[in-house]
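**Q** If you scroll down you'll find the structure; I have some questions about it.
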2 protein chains.
Amino acid sequence: MKYLLLFLMLCCSVNGNAQKYVLLIHGGAGSLTPGMVSPEREKAYRKGLQNALDAGGKVLKAGGTATDAVVAAIKVLEDDSLFNAGKGAVFTSEVKNELDASIMEGHTLKAGAVASVTTIKNPITAARAVMDKSPHVMMVRAGAEQFAKEKGCTIVDPSYFRTEEQYNSIMNIKADEKKDKELQNKKAYLRQPENRDFKYGTVGAVALDKYGNLAAGTSTGGMTNKSFGRVGDSPIIGAGTYANNKTCAISCTGWGEYFIRLVMAKSISDRMELAHMSLDKAAEEMMMHRLPELGGDGGMIGLDKDGNIVDYFNTPGMMRAYIKSNGETAVKMFKGE
Amino acid sequence: MKYLLLFLMLCCSVNGNAQKYVLLIHGGAGSLTPGMVSPEREKAYRKGLQNALDAGGKVLKAGGTATDAVVAAIKVLEDDSLFNAGKGAVFTSEVKNELDASIMEGHTLKAGAVASVTTIKNPITAARAVMDKSPHVMMVRAGAEQFAKEKGCTIVDPSYFRTEEQYNSIMNIKADEKKDKELQNKKAYLRQPENRDFKYGTVGAVALDKYGNLAAGTSTGGMTNKSFGRVGDSPIIGAGTYANNKTCAISCTGWGEYFIRLVMAKSISDRMELAHMSLDKAAEEMMMHRLPELGGDGGMIGLDKDGNIVDYFNTPGMMRAYIKSNGETAVKMFKGE
């Protein structure tokens with residue numbers, strides 16, 4: 001009887017682990033605080049996050065891989081014009097949409113990224129194609145677009161990405177630039193696209209699948225008024241995206257230049273691997289100390305190999321949501337939620 | 001008398017530290033072993049390295065910054081058609097020259113990079129302009145070229161970078177591709193541009209200046225027959241280039257995809273910062289264990305804040321050279337030199 005009990009406990013434990021999955025997503029960090037947008041708009045943001053969670057969660061529940069779930073969730077956010085990725089991306093200083101995305105798998109350390117692309121409907125699918133179907137990790141602009149097309153990614157006219165809201169946003173900045181020469185300090189403009197609810201509208205996802213594998217992905221339109229050809233942290237493996245089964249999966253959003261200089265995602269992973277910190281402690285140190293010390297801001301989501309999740313942001317708000325195999329789920333926008 | 005002696009010792013020590021400088025450069029890692037090339041060609045490689053060392057060393061001796069020295073040394077290697085950076089870069093699969101470069105400063109963690117550019121004579125100067133004169137860290141293709149032009153970098157016709165040797169190299173590969181369909185596995189081609197003395201001809205420099213500041217820079221034409229738009233590790237901060245006054249300055253050369261996936265340069269720095277390894281131990285672990293375990297190859301140079309230098313490569317040879325303020329200097333091409 002004692003042995004039967006032990007056997008059953010062991011089965012449950014193995015099964016429990018094998019069946020465990022987690023999906024955590026974000027829709028950008030920014031200045032949004034309760035009451036700043038209409039209840040309808042807040043509802044739409046939450047609905048958008050829920051839709052992405054549903055898409056990715058379904059994949060994991062059905063036994064799909066973490067990579068599949070990350071792509072499924074991010075595709076929904078790219079297609080939703082409320083988020084600054086895919087359709088609805090912000091405009092560059094040349095009034096164009098340039099998109100970046102990356103993906104990484106924790107069990108193989110395989111990775112793929114595309115940067116500064118203008119015709120790929122879902123940049124995350126192109127990043128995945130680079131990872132799975134090329135010997136390369138990173139491809140940019142026309143070369144990336146040509147490759148994505150060859151591999152079956154949906155190609156659209158650049159006008160597909162345009163939304164009136166984002167177009168008006170860049171036009172207002174352009175008008176202000178003309179009005180006040182002193183304000184032509186690009187840094188100030190990059191930092192303060194005031195008419196954005198979420199100034200860093202990058203989207204991302206991290207997942208742990210039933211097989212114990214981690215994956216992370218990030219997709220973005222970058223920062224409003226960014227220079228033509230500027231690439232932020234989102235397509236940089238180690239900066240905006242990183243996954244390693246030994247440690248964690250990370251996706252960042254924020255003032256990308258600071259995340260690149262800090263090699264943010266890898267720095268968090270290395271704190272776990274080399275200094276034996278928990279994910280929470282490692283992320284807290286990088287996001288709440290190193291990042292503001294250098295002058296940057298933004299947010300991140302992280303998921304460790306045991307299914308623990310964290311989010312940190314030193315902006316007033318960050319859109320994030322998660323679902324776990326045990327049924328636990330939440331959609332959050334504000335601090336303290 | 002005792003106090004005078006103490007005072008003098010203090011002066012020497014402060015002065016000694018303050019006057020100390022080191023420059024370490026590389027010209028790529030590859031399959032070259034003694035006797036594989038003509039004595040004339042070997043001499044030309046060594047002379048090229050010496051010229052770069054002279055240019056950078058002069059800057060440091062005169063009290064210039066590590067950043068100035070890194071740029072000075074790399075410019076010489078970019079202008080030398082024997083090295084795969086600037087003039088003499090390898091060709092892409094579309095028979096074009098696409099160049100990447102990056103630079104980072106250890107005391108500010110400021111960084112700049114350009115990728116996939118085709119008209120900037122010295123990509124390292126454009127990377128520096130991005131670092132010093134833009135709010136961005138990374139810019140690609142036409143946007144980077146337009147920015148570099150505005151900031152006074154020399155612009156050339158893409159044909160400037162072409163050398164007959166590299167042109168013949170890509171043409172031979174193209175002919176082989178036609179001849180043998182089975183050999184069309186891109187991975188094999190990327191790995192084996194047999195007619196290159198140094199298959200990974202990236203160049204780089206790391207420096208410690210008299211003020212105790214570190215800097216690192218890398219410049220490359222990438223890999224022969226790389227896909228149009230492919231970006232390797234050279235312009236990726238944390239992968240091919242990293243500098244931090246707390247730890248070290250690193251420049252890598254090799255099969256870039258593996259260096260990106262391992263976030264090579266930052267992984268070495270983090271081993272020093274978080275696991276308290278020496279530069280030598282940290283570099284050895286990443287280059288001689290993690291890199292081959294994943295299937296990659298290449299080399300790196302590193303310099304710590306105390307002026308200790310290392311080079312590691314898991315290829316038969318790597319071109320490297322250094323000069324120190326104490327007069328110590330060497331130019332090396334082969335293993336064991």
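**Q** Can you tell me the accessible area per residue over the range A:25-334, all protein chains present, probe 1.4 angstrom, in square angstrom? Before the final figure, lay out each step's value.
**A** Values: 9950 Å² over 310 residues.
For the range A:25-334, the per-residue accessible area is 32 Å².
**Q** Here's another thing I want to ask about it. To the nearest 10 degrees, how steep is helix B:39-61 against the longest Cα principal axis of chain B, on a 0 to 90 scale?
**A** The helix B:39-61 is inclined about 40 degrees to chain B.
**Q** Which of rounded, prolate, oblate describes the range A:25-334, given a ≥ b ≥ c as roots of the alpha-carbon gyration tensor eigenvalues and a/c under 1.5 marking rounded, otherwise prolate only if a/b is larger than b/c?
**A** rounded
**Q** Based on the Cβ-Cβ distance from B:K149 to A:E293, what FRET efficiency comes out when R0 is 35 Å, to the nearest 0.05?
**A** 0.50
**Q** Indicate, rounded to the nearest 5 percent, the antiparallel portion of the DSSP beta bridges found entirely in the range B:25-334.
**A** Roughly 90 percent of the DSSP beta bridges within the range B:25-334 come out antiparallel.
**Q** Determine the share of the range B:25-334's accessible area contributed by carbon and sulfur atoms, expressed in whole percent, with a 1.4 angstrom probe.
**A** Carbon and sulfur atoms account for 50 percent of the accessible area of the range B:25-334.
**Q** Counting pairs of alpha carbon atoms under 8 Å apart in space and at least six apart in sequence, what relative contact order in percent does chain A give?
**A** Value for chain A: 24 percent.
**Q** For peptide A:234-243, what's the mean number of Cβ atoms from other chains within 10 Å of each residue's Cβ?
**A** 5
**Q** Probe 1.4 Å, all protein chains in place: accessible area of A:C153 in Å², nearest 10?
**A** Rounded to the nearest 10, the figure is 20 Å².
**Q** Which shape class, rounded, prolate or oblate, goes with the range A:214-300 when its Cα gyration tensor gives a ≥ b ≥ c as root eigenvalues, a/c under 1.5 marks rounded, and past that a/b bigger than b/c marks prolate? Kindly include the intermediate steps, with their values, before the conclusion.
**A** Numbers: a/c = 2.56, a/b = 1.52, b/c = 1.68.
Judged from the Cα gyration tensor, the range A:214-300 comes out oblate (a/c at least 1.5, b/c at or above a/b).
**Q** Further question on the same structure: Mind listing the long-range amide H neighbours of A:S278? Cut-off is under 5 Å, sequence gap 5 or more, other chains count too, H placed in the peptide plane at 1.01 Å from N.
**A** none
**Q** Taking the label point 7 Å from Cα in the Cβ direction, how far apart in nm is A:K335 from each other copy of itself, listed shortest first?
**A** 5.7
**Q** What are the semi-axes of the equivalent ellipsoid for the protein assembly as shown, taken as the square roots of 5 times the Cα gyration tensor eigenvalues, largest first, in whole Å? Intermediate values should be presented prior to the final figure.
**A** Details: eigenvalues 313, 155, 150 Å².
After diagonalising the Cα gyration tensor, the semi-axes are 40, 28, 27 Å.
**Q** Buried accessible area for the B:A pair, summed, 1.4 Å probe, in Å² rounded to 100? Walk me through the numbers before you get to the answer.
**A** On the way: alone 14050 and 14070 Å², together 24420 Å².
Rounded to the nearest hundred, the buried surface is 3700 Å².
**Q** For A:I309, what accessible surface area do you get with a 1.4 Å probe? Give it in Å², rounded to 10.
**A** Counting only protein heavy atoms, the figure is 40 Å².
**Q** While we're here: Averaged over A:129-137, how many beta carbons belonging to a partner chain fall within 10 Å of each residue's beta carbon?
**A** Numbers: counts 0, 3, 1, 0, 0, 5, 13, 13, 12.
If you average over the peptide's residues, the count of other-chain Cβ atoms is 5.
**Q** Nearest 10 degrees is fine. How inclined is helix B:2-19 to the longest principal axis of chain B, computing both from alpha carbons?
**A** 10
**Q** Local charge sum around B:K210 (other residues, Cβ-Cβ under 10 Å, Lys/Arg +1, Asp/Glu -1)?
**A** With Lys, Arg at +1 and Asp, Glu at -1, the neighbours total +1.
**Q** With angles folded into 0 to 90 degrees, how steeply does helix A:164-179 sit against the dominant principal axis of chain A? Use alpha carbons for both and round to 10.
**A** Value to nearest ten degrees: 50.
**Q** Can you bin the range B:29-160 into rounded, prolate or oblate? Criterion: square roots of the alpha carbon gyration tensor eigenvalues sorted a ≥ b ≥ c, rounded for a/c under 1.5, prolate for a/b above b/c, oblate for the rest.
**A** oblate
**Q** In addition: Tally Lys and Arg at +1 and Asp and Glu at -1 over the other residues with C-beta under 12 Å from the C-beta of B:G106: what net charge comes out?
**A** That works out to +1.
**Q** Another one. Summing Lys, Arg as +1 and Asp, Glu as -1, what charge do residues with Cβ under 13 Å from the Cβ of A:G327 carry, A:G327 excluded? Present the calculation step by step, with values, prior to reporting the outcome.
**A** Values: positive: A:K20, A:K61, A:K324; negative: A:E328.
Charge balance near A:G327 sits at +2.
The values are calculated or read from the model by the stated rules, or taken from the named source; none is laboratory data. Keep in mind that what you see is a predicted model, and the values were worked out from it rather than measured. Virtual Cβ from ideal backbone geometry, glycine too; neighbours counted across all protein chains shown. Heads up: the accessible areas ignore ligands, DNA and RNA and are worked out on the full protein's heavy atoms, side chains in. Shrake-Rupley method; radii C 1.70, N 1.55, O 1.52, S 1.80 Å.
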